[in-house]
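The values are calculated or read from the model by the stated rules, or taken from the named source; none is laboratory data. Quick caveat, the model's predicted, so the values are computed rather than measured. Here the Cβ positions follow ideal geometry from the backbone for every residue, glycine too, while neighbour counts run over all protein chains shown. In case anyone asks, the SASA skips ligands and DNA or RNA and just uses the protein heavy atoms, side chains included. Shrake-Rupley method; radii C 1.70, N 1.55, O 1.52, S 1.80 Å.
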Amino acid sequence: MGNILIVAEIQKGKLREATLELASFANKVAGARGGEVKSLVIGSGIGELASELAGKGGGEVFAADDAALANYNVDAWTQAIRAGVEASGADLVLISNTPTGWDVAPRIGAALDAGFVSDCFNIEADDGLTLLRRIFNGKLDARIKVNADVVVATMQPGATAAYEGTSDGKVTDLSVDLSGVRSKFIEEKQAEATGVDLTKADIIVSGGRGLGAPEKFKEVIQPLAEALGGAMGASRPVVDAGWLDHPYQVGSSGQVVTPKLYIACGISGAIQHLVGMKGSNFIVAINKDADAPIFEVADVGIVADLFEVVPALTDAIKAAKG
Ligand SMILES: Cc1cc2nc3c(=O)[nH]c(=O)nc-3n(C[C@H](O)[C@H](O)[C@H](O)COP(=O)(O)OP(=O)(O)OC[C@H]3O[C@@H](n4cnc5c(N)ncnc54)[C@H](O)[C@@H]3O)c2cc1C
């Protein structure tokens, strides 16, 4: 049985939470089918982070530590991951379904002539390896068995909890041949700050496509958010349509939020949205479709027209506050 290789990501000098979630998946698979968990950390001056991962379920951690790897570069990462797969003896490579993962995972899949499955939310390993991903807008789960010697999978951030145990893996230096790298890093541009940080909000009132028009955020969602002293959030179609900027987006390709109170208005509850908010302490869902999946994670579900319920709620809160 081959080993499992986690490809770690570093964000703002720390291991990404999504990397520790990969450690959960990897340890689960190793427990069920055998093989060892190994990890790969890529960057410059990453010794401490590699040791941290070795202690948090990453098993033996290969550290590709090179000044030339200080900034993300897809060519260089492909080379590093190739070297990591070879050194680790992995037949399963786990990469987070993040912008970095979207960029590098298909390349490494092609470079290794591996089977590639993107955007998975679970892995089962009791009866061969089965990767689960949602299809048809979250309405069906596809269970995928890959007929290939090596499998590369990207896993949705937030689909499982971060690995909570401890481990005593060792760190092994990994040298990477970067001579064939054809692209070079020029500069990193930070997106303009909007002042919105939903990850710190205690209360979020989110609107979805059910709002029907951009001005409804101002007319319906914003007053409730203000009455509660909370922030506004949104589902992805709303952001894709340009009604709100990306920092407002909750979900797998937006923010993962854990407020005390999350109110979802006119949001169906597709898995990509749920992974971003299901960790909220208390969830209220308002949707006129009683079968909407959002109700499966809601503590309180209101089957009704949001244009009736939300203004009434706003008025009641304002009245209660005096
Ligand atoms: C790779 C990938 C990444 C993605 N990332 C994200 C992400 O980060 N975040 C995200 O949200 N989505 C994401 N999505 C999209 C996701 O799959 C869904 O398409 C999206 O979440 C649906 O948004 P919605 O619930 O607003 O719209 P819909 O699914 O169209 O739902 C609208 C809901 O509003 C209800 N409604 C309509 N009118 C009213 C009314 N008057 N009163 C009450 N209820 C009403 C309807 O019953 C319906 O349930 C991603 C998809 C992919 C493929």
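Run the accessible area of the stretch 130-207 with a 1.4 Å probe and give the carbon-and-sulfur part as a rounded percent.
47
Which cross-chain or sequence-distant (5 or more) residues have an amide H under 5 Å from the amide H of residue 60, H modelled 1.01 Å from N in plane?
Those lying under 5 Å, H to H, from residue 60 are 39, 170.
With +1 assigned to the C-beta of every Lys and Arg and -1 to the C-beta of every Asp and Glu, and no other charges, what is the dipole magnitude of the chain about the Cα centre in debye, to the nearest 20?
Magnitude of the dipole: close to 460 debye.
Please list 80-90, 260-270, 301-311 highest first by mean number of surrounding beta-carbon atoms within 10 Å per residue.
260-270, 80-90, 301-311
Within the stretch 180-228, list the GluC sites (Glu not before Pro) lying in a DSSP loop whose Cβ has at most 11 other Cβ atoms in a 10 Å radius.
When the GluC sites (Glu not before Pro) of the stretch 180-228 are filtered for loop state and at most 11 Cβ neighbours within 10 Å, 187, 188, 192 remain.
Under a cut-off of 29 Å between alpha-carbon atoms, report the lysines in cross-link reach of residue 200, not counting same-chain residues fewer than 8 places apart.
List returned: 12, 14, 56, 189, 216, 218, 260, 278, 318, 321.
On average, how much accessible surface per residue is there in the stretch 198-321, in Å², for a 1.4 Å probe, leaving out ligands, DNA and RNA?
46
Compute the angle between helix 17-33 and the longest alpha-carbon principal axis of the chain, please, reported from 0 to 90 degrees and rounded to the nearest 10.
In the chain, helix 17-33 runs at an angle near 60 degrees to the longest axis.
R0 = 30 Å: FRET efficiency of residue 74 with residue 199, Cβ-based, nearest 0.05?
The formula returns an efficiency of 0.65 here.
Which far-off residues, 5 or more places away or on another chain, put their amide H under 5 Å from the one on residue 152, with H placed in the peptide plane?
Correct list: 93, 115, 116, 117.
Mind checking the angle between helix 74-88 and the chain's longest principal axis? C-alpha axes, 0 to 90 degrees, to the nearest 10.
Between helix and principal axis, roughly 60 degrees.
Find the accessible area per residue for the stretch 3-173; the probe is 1.4 Å, ligands and nucleic acids are left out, and the unit is Å².
Ligands and nucleic acids excluded, the figure is 43 Å² per residue.
Using amide H atoms built 1.01 Å from N in the peptide plane, name the residues 5+ places from residue 167, or on other chains, whose amide H lies under 5 Å from its own.
Answer set, sorted by chain and number: 56, 57.
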